[in-house]
Amino acid sequence: MSRQLNEPVDAALVPRFAGHSTFMRLPAATSAKGLDVALIGIPWDGGTTNRPGARHGPREVRNQSSLMRRVHHVTGIAPYERLAVADLGDLAVQPIDLMAALQQIESGIAAICAAGALPLSVGGDHLTTLPVLRALHKADPGRGRLGLVQFDAHSDTNDRYFGDNPYTHGTPFRRAIEEGILDPARMVQIGIRGSVYAADEHQWARDQGVRIIYIEEFARRGPEAVMAEVRALIGSGPAYVTFDIDGIDPSMAPGTGTPEIGGFTTREAQAMLRGLAGLDIIGADVVEVSPPFDLGGITALAGATMLFELLCVLAGNAGDPPG
């Protein structure tokens, strides 16, 4: 299948506040065919338990992503010279039927997988990650259970909310473990913090073998040591990367549904994402950007920057550019 390498609109020719609003100012596409990476928005927050608004995240992250340039200033990677990337727009996720919405998300990601592209999505609340994982697992069940690298303030391995509801943004990774999608022995959660509902809230995850790195441990060890452990734990098997924007301290990312003080900085987050280099990443996302609670677009800018960091990691893993 032919690949078309796409370059962003040149900001020296067309100012960032002009032109079409797409992720990284890349071309808009209607199909993932011929792409290596499909940028996709998932504008849905039906799993939110506190402050809503993450359904508006993809649109504002697109807006702020116009500030991203072409070459990574540390690694020197120019992702658009190595990967065929385009913006597939948003999945059409209806907002009033949770189960139907989960199926719509899964179907949309499945189509990307069937076309041979890797999904790099922007949510949306963290429940959006569950149907993405379902689609990736079903696309190639032969590769077995997936590893997970999760940057987050919350473990999201709770069981039920509001009676007997198993699907909220606080439950996706418990469901994914139960469904045999994730291998808990190859799961690591970084930045976990804040008050909890009960003293044993994280016990279920620990009992499954999930590695939880609380923010206090991260602060003692630093990004380099933590990411060395992450690479060793994930190993050579396939893994998914999910970045909840509330992992960042709310002084730098206030626009999110469940803010927790005491998080890592944006600079630390960037350093950790660069530490993913070499892993077999089969998909990734940035979630929980809620523009109604943002200030001056700084949370959406953080989300767009993390998206670019992830894209550069994927490009680095793809090797040298063609030719």
**Request:** Quick one: count up the residues across segment 125-160 that are within 20 Å of D97 (Cβ to Cβ) and in a loop (DSSP other than H, G, I, E, B).
**Result:** 2
**Asked** Does any residue in segment 223-236 that is open to solvent by 10 Å² or more (accessible area, probe 1.4 Å) come within less than 6 Å, Cβ to Cβ, of a residue that is among the β-branched types (V, I, T) six or more places away or on a different chain, and which pairs are these?
**Response** L233/V188
**Asked** Given the conditions (1) open to solvent by 50 Å² or more (accessible area, probe 1.4 Å); (2) in contact (Cβ under 8 Å) with a residue 60 or more places away in the chain; (3) closer than 29 Å to T168 by Cβ, which single one is not true for E81?
**Response** (3)
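Pick from A232, A185, A239: which is in a strand (DSSP E or B) and either more than 22 Å from G123 (Cβ to Cβ) or in contact with a Pro (Cβ under 9 Å, 6 or more places away or on another chain) (or both)? Working first, answer last.
Numbers: A232 fails: in a strand (DSSP E or B); A239 fails: either more than 22 Å from G123 (Cβ to Cβ) or in contact with a Pro (Cβ under 9 Å, 6 or more places away or on another chain) (or both).
None of the others qualify; the one that does is A185.
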**Asked** Which ones in segment 31-46 are crowded, with 24+ Cβ neighbours inside 10 Å and among the charged types (D, E, K, R)?
**Response** D45
**Message:** With the requirement that a residue be farther than 15 Å from G41 by Cα and outside any helix (DSSP H, G or I), what does segment 286-323 give you?
**Reply:** D294, L295, G296, G297, A318, G319, D320, P321, P322, G323
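Among the listed residues A86, A12, A111, identify the single one that is farther than 30 Å from P259 by Cα, open to solvent by 50 Å² or more (accessible area, probe 1.4 Å), of a type outside the set (S, T, N, Q) and outside any loop (DSSP other than H, G, I, E, B).
Unique residue meeting the criteria: A111.
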**Request:** Tell me which residues, restricted to segment 15-35, are in contact with a Lys or Arg (Cβ under 7 Å, 6 or more places away or on another chain) and either in contact (Cβ under 8 Å) with a residue 60 or more places away in the chain or closer than 21 Å to G116 by Cβ (or both).
**Result:** T22, F23, G34
**Fill in**
Picked from segment 56-71 (must be out of contact with any Asp or Glu (no Cβ under 8 Å at 6 or more places or on another chain) and in a loop (DSSP other than H, G, I, E, B)), the residue nearest to G257 (Cα to Cα) is M68
**Complete:** Among V122, V93, the single one that is within 12 Å of W44 (Cα to Cα), in contact (Cβ under 8 Å) with a residue 60 or more places away in the chain and not in a helix (DSSP H, G or I) is V122
**Test set (1) surrounded by fewer than 22 Cβ atoms within 10 Å (Cβ to Cβ); (2) under 21 Å from V37 (Cβ atoms) - Y240 fails condition number** = (1)
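Just one of E268, E288, E260 is acidic (D, E), at pLDDT 95 or above and open to solvent by 40 Å² or more (accessible area, probe 1.4 Å); which is it? Let's see the steps before the verdict.
Details: E288 fails: open to solvent by 40 Å² or more (accessible area, probe 1.4 Å); E260 fails: open to solvent by 40 Å² or more (accessible area, probe 1.4 Å).
Result: E268 is the single residue among E268, E288, E260 that is acidic (D, E), at pLDDT 95 or above and open to solvent by 40 Å² or more (accessible area, probe 1.4 Å).
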**Message:** For segment 157-181, give me each residue that is within 15 Å of I212 (Cα to Cα), open to solvent by less than 30 Å² (accessible area, probe 1.4 Å), modelled with pLDDT of 95 or more and not β-branched (V, I, T).
**Reply:** F173
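The values are calculated or read from the model by the stated rules, or taken from the named source; none is laboratory data. Note that the structure is predicted; figures quoted are calculated from it, not measured. Counting neighbours? That spans all protein chains shown, and the Cβs are built from the backbone with ideal geometry, glycine included. With ligands, DNA and RNA removed, areas are computed over all heavy atoms of the protein, side chains included. Shrake-Rupley method; radii C 1.70, N 1.55, O 1.52, S 1.80 Å.
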